[in-house]
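Q: Here it is, the structure, as structure tokens.
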Amino acid sequence: MDIVEFLPAASNSIVVGHDGSDCADHALAMALELADQLHVPVVVVRAWSIATAPRPSSWQFGYVSSFDEYFSAVHDELVQDARTSVENHPAVSVSYRAVHASPAKSLIAVSRNARILVVGSRGRGGLAGMLLGSVSEQCVRHATSPVLVVRQRALKLEHE
């Protein structure tokens, strides 16, 4: 593990979690819009484990990839997943961190000194939809920086 993974982001930065989901894309878009308005950098964080990491490009049947190869594969996938949103905000300085730890632990550690932590919330609809997801809930409870939980707006049906 590279020690830089857990170093706190700069105090003027916005930290945003991104797991590759549509909710994460929405949170990233919100973080980039805020960063554009405030003229501050964004740090995009992806937590990972060997079980959740994509296969490294060097992977072959019978070959055990190294930790560094998995790290690179996660980092590259994160950059690719964020590319479209980031390209829409060319004035914003963006850096990426692939952190080998649980999502909440990663986000809380990296955002320790940040201006704000932005996380998405999937919401489940009904009673469960009124609750925060486990990662966003842990971030709200334990992060030392302010936390913005971004939810996607429900799409209206055309006949409404």
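The values are calculated or read from the model by the stated rules, or taken from the named source; none is laboratory data. Because the structure is predicted, anything quoted here is derived from the model rather than measured. Here the Cβ positions follow ideal geometry from the backbone for every residue, glycine too, while neighbour counts run over all protein chains shown.
Q: Taking Asp22 as the residue in question, decide whether it is under 16 Å from the mean Cα position of the chain (by Cα), surrounded by fewer than 13 Cβ atoms within 10 Å (Cβ to Cβ) and of a type in the set (Asp, Glu).
A: When the stated conditions are applied, Asp22 passes them.
Q: Would you pick out the residues in the stretch 60-74 that are surrounded by fewer than 16 Cβ atoms within 10 Å (Cβ to Cβ) and either at pLDDT 85 or above or on the phi > 0 side of the Ramachandran plot (or both)?
A: Gly62, Asp68
Q: Another one. Answer yes if at least one residue in the stretch 30-38 is in contact (Cβ under 8 Å) with a residue 12 or more places away in the chain, farther than 16 Å from Val119 by Cα, out of contact with any Cys (no Cβ under 6 Å at 6 or more places or on another chain) and surrounded by fewer than 18 Cβ atoms within 10 Å (Cβ to Cβ), and no otherwise.
A: yes
Q: Report yes if some residue within the stretch 61-78 is under 17 Å from Leu148 (Cα atoms) and not hydroxyl-bearing (Ser, Thr, Tyr); otherwise report no.
A: So far as the stretch 61-78 goes, no, none of its residues is under 17 Å from Leu148 (Cα atoms) and not hydroxyl-bearing (Ser, Thr, Tyr).
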